[in-house]
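S.K.: Have a look at this one before I ask anything.
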Amino acid sequence: MDPNAIAWTILVLPLAAAVIIFLLLKRWPMASAVLSTLSAFATLGMSIVLAHALGNSATILTQSYPWIALPGVLRLEIGLLVDAKSAGMMLIVTGVGALVHLFSLGYMRGDAGLARFFAGLSLFMFSMTGIVLADNFAMMFIFWELVGVSSYLLIGHWFEKDSAADAAKKAFLTNRIGDFGFMIGILLAWVVTKSIVFTEMKTAVDAGGLNQVLLGAAVLLIFCGAVGKSAQFPLHVWLPDAMEGPTPVSALIHAATMVAAGVFMLARVAFLVEGVDHANIAATVIAYIGGFTALLAALMATQQNDIKRILAYSTLSQLGYMVMAQGLYGSTEGLFHLYTHAWFKALLFLGAGAVIFACHHEQDIWKMGGLRKKLPITFATFALGTAALIAVPGTSGFWSKEEILVKAYGTDKLLYAVGIGVAALTAFYMTRLFIVAFLGKSRSENAEHAHEVGPVMWVPLAVLAFMAVFSGYGFITGGFPAFHPGHTHEGSHEAGFLTTILSLVALAGGVFAGWKLYSGREREPISLRLLANRFYFDELYSLIIRTVQDLPARLVEYLDLYVVHGLLAYFPSQLARGAGWTFTRLQSGHLQGYGFLFGAGLLALLWYLLS
Amino acid sequence: MTHVIEFIVFLPLLAALAILVGAPARPTALAAAFVGLITVLVVAFQFNPDHEVVGGFAYQFTSSHPVLLDAKGNAVLSLAFGLDGMSLVMVLLTALVLPAAILVSPPESGIKGNPRLYYLSSLLIAAGALGAFCSTDLFFFYAFHELALIPTFLMIGMYGHGTNRVKTAWTITLYLGAGSLVLLGGLVALFYASGGTTFDISEMIQQAKIIGPAESHRWVYLLLLIGFGSLVSLFPFHTWAARAYAEAPTPTAMLHAGVLKKFGLYGLLRIAQPMLPDGAEAWQNLVLVLLLGNILFVGYSTIAQKRLDLMLGNSSVMHMGFIFLGVASANVIGAHGAVMLMFAHGISIALLFALCGGLRDRFGSTDMPEIGGGLATKMPRFGIIFAMAAFASIGLPGFANFASEILVFFGAFEPMQKSGATTLGPLQWTCVLALWGVVISAVYMLRAFRRLFNGPVRLGTPDCADLTPAEQVPLVLLLGVLLLVGFVPGLLLKYLTPSLELFSTLGR
């Protein structure tokens, strides 16, 4: 099969699955689930073939189809760009995707909306594939919006719950705000580079002579899209709430892939970010937003009690690392971390899912405890995932975090310090989570009676655990240069050595503090309300919505009703009413009357014109 | 095929006449609507998109019956029809909304008052719209639209909802009557400005070119802008619209908001813009400010609405702002976007009003807090279709509205790209602010969906039946069109491109 056809099939197959489920299979939930899962595994297989077909060549040329074509003025195409970045990203999307589908077969069994759930997952796979393979901004934006919809549908899967319905709406609207900037950015980039096709834009940027101010503005506005999708400060608030969705959704969409789309997009257009010549404010802003989010989210994670929310804040924090790398011109380093993070964070979420499943939907870690013996496989795999996240040497997370830190060392010492600090915080809050949930004694009925999950759920955990440890090694990443920056970065041996030492100190410090504080505890020993309440962002934002949106909306409604309508309709109509009987006759509603007036008017006009 | 346009225009008129003299109302109306739709589809397939454009507009399927001759025997005024790409798209819109509107009309036994008049009025509105879109003669272009307004007023006054319906009918009559009067003044002035020899629109454009720009043209354009503008609910002449749609019977709201209202925009693109390009340029900034009134002012007012029908009415006013942005761009991309959006908005708002009518039938109200939540649990099919309609309306990719809006946005930035300007001009700034409207639409639409369909089933909600297969037919028809055009916008663009070619010379 030729690579062009494979690439297009990878894109279209999940859509076909979603449509078939939606139109035909709603009554047969298990058939829907199996169809969706098979399509996910098929796309995984094809993604592997595609990656091999790419080999060491730069790109595979594929065919494009015009979506909107106005000859001579505008062409918006649906076209695929298969290169190291997209082929590698497809392995993550379909790899994690397939495993999450498999896990969901067990986790979602018996759910009333099973068919709808799997249709949503397939729709998501389609949309995400579109983002990854897009060769131009128009197509990327289209699929960018579509992942937003699939995320909306899946967060709101249990829509009869108020909290889930609100979370879905919040996620969608927050993303729309980011996309507001994204769209303007795309338009500006089109104005500056005269194209929206990535390869052509790159040519234009390489040729130089572009307006620096506009280009910088375009980069920052495009970055807004990433801020929304990858939940960076100040639009980070939707991601923790998105945990209202079923846990497999959290693993796939809100940890491994969709939230990483912002990072991927920035890496895709790294030439734009790096194309701004002097005093690259845009890149600096990106790096600092990323670093700030990493720190902020890590602080918030230390005081949460819901197992999924802790992981959600951790995702925010790790995404912050990746975004920071993009701003430091480290697109390959950022992608490498995206790649390792996808495996170990999906593992942690699915592990959390297994725990929640085993504990009858208990999510509070203080009501768990002692799960080590009850869920041995989940425990072991979760331990490996935790090790990768806190960057224990030898695991994948260690390699990728090291790359980013070394990059920061050479560029910005402040961000370097932040990066090390976040590493310590990560070790701390994950130790807390691990000790409280898995060690010690059971602290509730549900935890007492937990049983290990079945193979359809632990097999994906095992595969992911393997990847969490080994995905950073050359025998796996070797074929995909985009995820394998190698050790040729400008940072010297000294930078690498220092970073390794400091990372180890951060790791040891974090784990030690966590162990000291939480080992053997029955309840939270320290209470920091500012952190527990997430710096009051949600409260602040709902205040803003009430004062900047809802209040003016009501004000405008009254203005519209009384001032505009009054001036232009009510008074004139009162005047007209007073003016004479002809108008009062009009409202009596006789067809003949209208007809007569209408005909008479036209005849009078004709007579006037022609006489 | 020479008289096919006459057939399309007069079919609903004849059907209305048949109903008047005693033919069964609903079956006759349905038959006329579907025969009309099939005929229009056949015409669309027969239509040659690559028809040579000579000067003004490349009309096909033309027919002409002179009504008035001048001293030399040249036709001054004719009952003349023809289709070019732009009018074909508008005719398609009408032909698609009409059957849906007839299908959602209540059975004859369920109509309070005269059921004949009810069905007849819908047909007359459609006939007026079809006549206006197909006319190649300015006089009949105007006259057909007037013809369609009368049944609109009647339907609101006689079959509308709420106790205020007579007052509402009175307001809209007066408002649109005044708007039409201003428009008439503008058209008369235009007639003289183009030499005063013919009402043929293409010829008038040629004449206007020969005569060249004049200072007075600016004022003619302003008259046309206000006249056409108030018919399309251009801010601040919009206050009639939301209430009228809320209180109108469902098919009337669908036909007026979906189809007839587009007459004003069509007129701007067909007549004002090509004939008075310098006038359009002179007032461009004014239009930009007013359209922001539609998008932002009315947009925020939409957020505050608690009744679904009023919310949809306001949203329909708001979305006109995006179409005006396409018109104001005065270039090929913007014009494409404007016509596409007229079509997409027409279909999607008709769909939403049909759904709103369905809720009103079930609950006797469209008050969102009163109806409460959880409807998706009770009526899953209703919920799915409502969600898709809402997604279409907020410009989600996959639906026609997105394909149209993105053209409007690119159209607004095109002059900047072409000139290589390094700062944003008024048009681009307006587009930036208009894009905020995309966020606003999402806010009120998702809030409404959340309020009505999500959340727990409220105790005390009366038992409500899900959509029956018969009820789904019109909804799925409209939804299918939105998806089809959304996936393959080329279906319509191929017709539009030749007919909008003249906009390549209008922009600055």
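The values are calculated or read from the model by the stated rules, or taken from the named source; none is laboratory data. Because the structure is predicted, anything quoted here is derived from the model rather than measured. Neighbour counts are summed over all protein chains in view; Cβ atoms, including those assigned to glycine, are modelled from backbone coordinates with ideal geometry.
S.K.: Counting only residues that are more than 20 Å from the chain's Cα centre (by Cα) and more than 9 Å from every other protein chain (Cβ to nearest Cβ), which one in the range B:147-180 is nearest to B:Leu224 (Cα to Cα)?
M.R.: B:Thr168
S.K.: Could you please give the count of residues in the range A:546-563 that are facing chain B (nearest Cβ under 9 Å) and under 39 Å from the mean Cα position of the chain (by Cα)?
M.R.: 10
S.K.: Any residue in the range A:332-345 that is closer than 25 Å to A:Leu461 by Cβ sitting within a Cβ distance under 9 Å of a residue that is acidic (Asp, Glu)? List the pairs, counting only those 6 or more apart or interchain.
M.R.: Going by the 9 Å Cβ cut-off, the qualifying pairs are A:Phe336/A:Glu403; A:His337/A:Glu403.
S.K.: Considering each of A:Val192, A:Val205 in turn, give the residue that is at the interface with chain B (Cβ under 10 Å from one of its Cβ atoms), part of a helix (DSSP H, G or I) and not charged (D, E, K, R).
M.R.: From the options A:Val192, A:Val205, the qualifying one is A:Val192.
S.K.: Collect the residues in the range B:266-301 that are within 14 Å of another protein chain (Cβ to nearest Cβ), over 14 Å from B:Gly326 (Cα atoms), of a type in the set (A, V, I, L, M) and crowded, with 24+ Cβ neighbours inside 10 Å, keeping them in residue-number order.
M.R.: Listed by number, the list holds a single entry, B:Val298.
S.K.: Pick from the range A:522-536 the residues that are touching a residue at least 24 places away in the same chain (Cβ under 8 Å) and touching a Phe, Trp or Tyr at 6+ places or on another chain (Cβ under 9 Å): which of them is farthest from A:Pro240 (Cα to Cα)?
M.R.: Step by step, filter the range A:522-536, then rank; the result is A:Glu522.
S.K.: Can you tell me which of A:Thr378, A:Thr386, A:Thr315 is without any contact (Cβ under 8 Å) to a residue 60 or more places away in the chain and either touching a helix residue (DSSP H, G or I) at 6+ places or on another chain (Cβ under 6 Å) or surrounded by 24 or more Cβ atoms within 10 Å (Cβ to Cβ) (or both)?
M.R.: A:Thr386
S.K.: Assuming A:Ala7 fulfils every condition listed in (1) within 26 Å of the chain's Cα centre (by Cα); (2) in a loop (DSSP other than H, G, I, E, B) apart from one, which condition is it?
M.R.: Going through the list (1) within 26 Å of the chain's Cα centre (by Cα); (2) in a loop (DSSP other than H, G, I, E, B), A:Ala7 breaks only (2).
S.K.: For a quick check of your reading: which helices (runs of 4 or more DSSP H) sit entirely within the range B:244-327 and have at least 2 residues that are in contact with a helix residue (DSSP H, G or I) (Cβ under 8 Å, 6 or more places away or on another chain) and farther than 23 Å from B:Ala442 by Cα?
M.R.: Helices (runs of 4 or more DSSP H) meeting the threshold: B:250-255, B:262-267, B:277-282, B:284-292.
S.K.: Given A:Gly45, A:Gly88, A:Gly72, which one is at positive phi and out of contact with any strand residue (DSSP E or B) (no Cβ under 9 Å at 6 or more places or on another chain)?
M.R.: Exactly one residue qualifies, and that residue is A:Gly72.
S.K.: Of the conditions (1) touching a helix residue (DSSP H, G or I) at 6+ places or on another chain (Cβ under 6 Å); (2) within 11 Å of chain A (Cβ to nearest Cβ); (3) farther than 30 Å from B:Gly113 by Cα, B:Ser194 fails just one. Which one is it?
M.R.: Against the list (1) touching a helix residue (DSSP H, G or I) at 6+ places or on another chain (Cβ under 6 Å); (2) within 11 Å of chain A (Cβ to nearest Cβ); (3) farther than 30 Å from B:Gly113 by Cα, B:Ser194 comes up short only on (2).
S.K.: Being out of contact with any Cys (no Cβ under 6 Å at 6 or more places or on another chain), under 23 Å from A:Val149 (Cβ atoms), buried (at least 21 other Cβ atoms within 10 Å of the Cβ) and more than 9 Å from every other protein chain (Cβ to nearest Cβ), is that true of even one residue in the range B:425-439?
M.R.: Yes: the range B:425-439 contains one or more residues that are out of contact with any Cys (no Cβ under 6 Å at 6 or more places or on another chain), under 23 Å from A:Val149 (Cβ atoms), buried (at least 21 other Cβ atoms within 10 Å of the Cβ) and more than 9 Å from every other protein chain (Cβ to nearest Cβ).
S.K.: What's the total number of residues in the range A:279-305 that are part of a loop (DSSP other than H, G, I, E, B), in contact (Cβ under 8 Å) with a residue 60 or more places away in the chain and farther than 16 Å from A:Lys407 by Cβ?
M.R.: Matching residues across the range A:279-305 total 4.
S.K.: Can we say B:Pro380 is surrounded by fewer than 22 Cβ atoms within 10 Å (Cβ to Cβ), facing chain A (nearest Cβ under 10 Å) and farther than 30 Å from A:Thr193 by Cα?
M.R.: yes
S.K.: Something else about it: Only one of (1) farther than 30 Å from B:Met204 by Cα; (2) over 17 Å from the mean Cα position of the chain (by Cα); (3) of a type outside the set (Phe, Trp, Tyr) fails for B:Leu290. Which number is that?
M.R.: Only one criterion is unmet by B:Leu290, namely (1).
S.K.: Against the conditions (1) closer than 30 Å to A:Pro71 by Cα; (2) within 13 Å of another protein chain (Cβ to nearest Cβ), where does B:Val457 fall short? Just the number, please.
M.R.: (1)
S.K.: Can I ask one more? Would you say B:Ala31 is surrounded by 12 or more Cβ atoms within 10 Å (Cβ to Cβ) and at pLDDT 95 or above?
M.R.: Yes: the conditions hold for B:Ala31.
S.K.: Please go through the range A:369-386 and give me each residue that is in a helix (DSSP H, G or I) and in contact with an Asp or Glu (Cβ under 8 Å, 6 or more places away or on another chain), ordered by number.
M.R.: Result: A:Lys374, A:Pro376, A:Ile377, A:Thr378.
S.K.: Which fully enclosed helices (runs of 4 or more DSSP H) of the range B:139-233 have 2 or more residues being under 30 Å from B:Ser315 (Cβ atoms) and free of Cβ contacts under 8 Å to residues at least 40 places away in the same chain?
M.R.: Ranges flagged: B:165-193.
S.K.: Looking only at residues that are more than 9 Å from every other protein chain (Cβ to nearest Cβ) and under 20 Å from B:Gly374 (Cβ atoms) in the range A:127-164, which one is surrounded by the most Cβ atoms within 10 Å (Cβ to Cβ)?
M.R.: A:Ile155
S.K.: Related question: From (1) farther than 27 Å from A:Ser527 by Cβ; (2) buried (at least 24 other Cβ atoms within 10 Å of the Cβ), pick out the condition that doesn't hold for A:Thr332.
M.R.: Failing condition for A:Thr332: (2).
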